[in-house]
Amino acid sequence: MRRAAEEESIVVLLPADDEGARAPPAQRHDRPLGDQAATAERARPPDRVQSPPLPGNPKLPLRPPSPARLTLLTGPPGSGKSEIALARIREVATVAGPRGRAARGTGAALLVLPTYGAAQHALRSALTRWDARGLFDAPFVTFTSAGERFLPGFRVRSLPSAEERDRLMERALEETDPPAFRAARAHRGLRARLLRLLKDVKQGALAPAPALAALAERATRLAAGPRERLEGFLTVSARYGALLERADLEDHEDALQRLRQALEAGPPALLPSVLAVDGFDDMTPVEEEILLALASHIERAGGEVLVTLPYEAARADLFASAGGLRARLLAAGFVEQRLEGFRRMPGGALERLGVPTHRAGARPLAAEPWVRALEAPLAVLGGGVSA
């Protein structure tokens with residue numbers, strides 16, 4: 001049934017003419033392709049036993065509150081989820097010694113972040129705050145690079161830049177010359193749209209080859225206009241893939257699909273004892289499949305998996321995308337721990353500068369001369385300062 005749902009949802013990628021009706025997208029666990037809001041996933045998850053909120057001390061490393069080793073840490077932004085994830089990675093990735101902490105060794109812990117920039121920022125924070133000698137970038141990865149840490153022989157080939165992808169798509173359009181795109185093939189906007197559609201196909205839970213084959217099979221059932229565009233897209237996509245291969249390049253979605261297939265084939269030779277996933281408010285279907293496969297292998301090996309998500313039940317509409325992922329992770333066996341509210345450092349910046357606050361007996365902040373001086377410009381902007 002899942003494969004059928006994949007085929008049904010992929011067809012909505014290309015617009016339909018008046019000549020033929022578009023097939024309605026099917027309900028699926030990982031949302032219709034291109035629907036970034038994940039509105040189809042906003043149903044309430046099944047009730048689960050939840051642990052009490054964690055104490056408000058980011059220095060305390062998170063430990064599972066029960067024998068369950070799959071933990072979902074939720075809370076509003078700023079509540080300390082990333083601090084707890086980093087503390088847990090620090091505890092496992094480094095070891096105390098006579099001259100401070102030092103790296104324990106590669107592969108003990110992994111922190112997966114959404115982008116390479118986020119991984120580098122986490123590494124810099126760790127080097128600054130952990131004071132750990134010999135700590136390199138091994139614990140900090142993205143989903144794309146994660147396979148290189150625990151799969152011997154897995155390597156991500158060179159990834160094309162946006163300009164390289166555009167040039168390859170331009171060449172694919174010139175060489176295949178599909179009639180549906182002939183008049184607009186010189187326009188960058190068309191090439192960007194085709195690349196976006198191909199990205200949606202590649203980052204689905206279904207591997208690109210069977211997904212494209214499913215599209216080809218469905219093309220025969222469409223009206224003339226949509227069929228011509230869909231067949232043109234398939235032809236161009238195949239040529240684009242061949243050009244990527246010839247240049248020894250791969251889109252990062254291709255690397256993710258290779259990693260997913262390797263994990264589904266069996267447990268890796270090297271597994272981290274602790275896996276933390278931080279910084280996401282949603283995941284693509286292939287990222288989610290990788291996470292679930294890794295979580296299954298790590299749990300069976302006796303390790304721990306910690307996933308953080310920005311979510312607050314009182315404002316569920318504000319966290320719709322994260323709410324869909326939360327529901328699916330709970331259904332997959334994760335146990336939720338909630339952080340309530342925001343952490344505040346004792347003694348705020350204004351207080352340390354001598355600015356009075358609203359403590360008992362203190363003069364209201366709005367009565368200060370420097371605040372009063374802002375009344376005129378605030379009034380021009382439509383605001384104001386109330387005493």
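With labels modelled as points extended 7 Å from the Cα through the Cβ direction, what inter-label distance (nm, one decimal) is found for residue 183 paired with residue 265?
That separation, rounded to one decimal, is 4.7 nm.
Take every Cα-Cα pair in the range 144-273 and report what % of them are more than 19 Å apart. Walk me through the intermediate numbers first.
On the way: 4524 of 8385 pairs.
Pairs farther apart than 19 Å: 54 percent.
Compute the signed sum of charges (Lys and Arg +1, Asp and Glu -1) over the other residues within less than 14 Å, Cβ to Cβ, of residue 155.
Combined, the nearby Lys, Arg, Asp and Glu give -1.
Direction-averaged shadow area of the convex hull around the Cα atoms of the range 257-314, nm²? Can you show the working numbers first?
Details: hull surface 18.4 nm².
One quarter of the hull surface, i.e. the mean projection, equals 4.6 nm².
Rule-based calculations on the coordinates, nothing more; no lab input. Computed from a predicted structure; not experimentally measured. Using ideal geometry, Cβ is built from the backbone for each residue, glycine included, and neighbour counts are taken over all protein chains shown.
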